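The next block holds one structure in the form of C-alpha cells; read it before the comments.
Throughout, read-outs are computed from the coordinates displayed, never taken from laboratory work. All of these numbers come straight from a predicted model, not from anything done at the bench. Because the Cβ atoms are built from the backbone with ideal geometry, glycine has one as well, and the counts that use them run over all protein chains shown.
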C-alpha cells in the first residue's frame, strides 16, 4: 500500500474512533453509525486489493463492522459500556493495521525536456533501487513560445532507453496522489521561451501531494547572489514547493536572506554533477562520426546559451563567426559547437530576423561545407560526450561550465575578467577579452600544450558545490524519504 493511502486510512480510523466516542451525545446516532459503516466498507475494499492479504486486519475490521451493525439493527443498546468495548476493538484494529500493512512510497518524476533529465536522473536511480518505492518517470507536455504561437511539444521518446517512461495520459495525478513529486521546472506561467502545460503548474501539483520537491534543471552559478542577481528559488511559485534542492551553502544563505523559509532549503548538491562525475570516473563512448575529426587534435567545445542571439545581435554573430573559423589557422584544432537546446525557439521569439541566418549556418555545418570542416555541431540531448572530449571549454557562466569545473581542464571564459562575487578565483580561467593578450593568441598557445594556470584549477568545484563525489542524487532521495517519514509521525 502506498504511504498516502495508508495515511488516509489511518485518518479514517481516527474519525471512526471519534464518532464512536460521540454516539451518546449526537442528535442523530443512526446517521453517525451509518457513516462509520460506510467508512469501514471503503477501508475493507482497499485492504482486499493488497497483493498480500492483511488477514488479521481484515478479521478485526469485520468484528468492528459487526459491532456497528448491531447498533444499526438495534440488536445492541448504545450505552457507555458497549461504546467502550467498541473503542478497544477499534484501537486493536488500528494497531494491527499499522503492523500488518507494508508501505511503499509512490514517487513520480515530472521532467519536461529530455536534455534536462540529468538534473533528476540519479535521484530516480536511487528511488528505482529502493524496494520500498515505486518510481515512475512521466515526461510532461510543454509549449515552445515563439512570437506568434505556442507550439505543443512532448519529448517522452527522447529519454535514455534504460529509463521506463509512463505517458502523461496514462498517469492520473488525482488517482495516484503521489507521496513525492520531483520537478525541475517551477516557472509555471512566468517562463517566456517554454511553458509546461498548465496542468503541471506547481499551483496544481501541490493539490496532489504533500511533498513537492524542486531540483533546478540548471547548475547554479558560482557567482554569489546579490540583490540584483538571478536565483533559481526567487520565484513566486516557490511558495507551492515543499523542498528546494540547492547546490551549495552560499545559495541557502542568500535564500534565507531573501525570506525563503529555511525549512524548505536543502543543500545537497546537484545531480547534474553526479553525471559529470560518472564521465570522469568511467569514459563514455563518443558519437562514431566524431572520432576521425577529433583524434590527435586539440578539442575546443564552444558553448552558446539559449539567449545568445536575443541581444547585442551584430556583435554576437561576429564573435560566433570568429570562434567557428579559428581552426582554419590554428593547426590540429577542432571546435565542437553546442548551442543551447532552446536556441532556435529563442530566435523565433526574440530575433526572428536571424532565423534564416541560423538555419543556413546549421545546414552548412551539417552538410560538411568546406568553410566548416573543422566544426562538429552537437545538438544532442546529452552534453557529456562533448565535455569529455574537450581540451578547452569556451564559455560564459552557464551550466556546462559549472559542471566542467569538475574536470580541472582549461577554460577560455567569455568575458574580460571574473565577475564580482565569484567563488572561482580569477586566476583559474583564461579570458576572451583579456586586454593584455588577444584570445586567438591564447588559443595558439593552447595548441602547443601551454597551460600555466593548471594548478589553480585543482579542486575548483569543491570550493563552490556540495556533494561533488557522485552522491548528490542518492542523498536527495534519502533525505526526502526521511522528510516524508517525519510527516507521518
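Observations, loosely collected:
- Spin-label model, residue 77 to residue 379: label points 7 Å out along the Cα-to-beta-carbon direction sit 8.6 nm apart.
- If the Kirkwood radius is taken over C-alpha pairs of the range 361-474, then at 20 °C and 1.002 mPa s the Stokes-Einstein diffusion coefficient equals 135 µm²/s.
- Gap separating the Cα centres of the range 14-62 and the range 156-207, nearest whole Å: 35 Å
- Using C-alpha pairs below 8 Å separated by at least 6 residues, the relative contact order for the range 330-464 is 22 percent.
- The chain, helix-only ellipticity at 222 nm - DSSP H runs n ≥ 4, -39,500 (n - 2.57), divided by all residues, nearest 500: -12000 deg cm²/dmol
- Mean separation of Cα contacts under 8 Å, 6 or more apart, over the residue count of the range 175-295: relative contact order %: 21 percent
- Summarised in one figure, the compactness ratio Rg/Rh of the range 3-100, Cα atoms and Kirkwood Rh, is 0.96.
- Along its principal axes, the range 278-463 has C-alpha extents of 44, 38, 32 angstrom, given from the largest down.
- For the range 283-306 versus the range 356-414, the gap between their alpha-carbon centres in whole angstrom: 8 Å
- Compared with the dominant Cα axis of the chain, that is its longest principal axis, helix 55-73 is turned about 50°.
- At an R0 of 56 angstrom, the distance between the Cβ atoms of residue 450 and residue 171 translates into a FRET efficiency of 0.55.
- The three principal axes of the C-alpha atoms in the chain carry coordinate ranges of 100, 45, 42 Å, sorted with the longest axis first.
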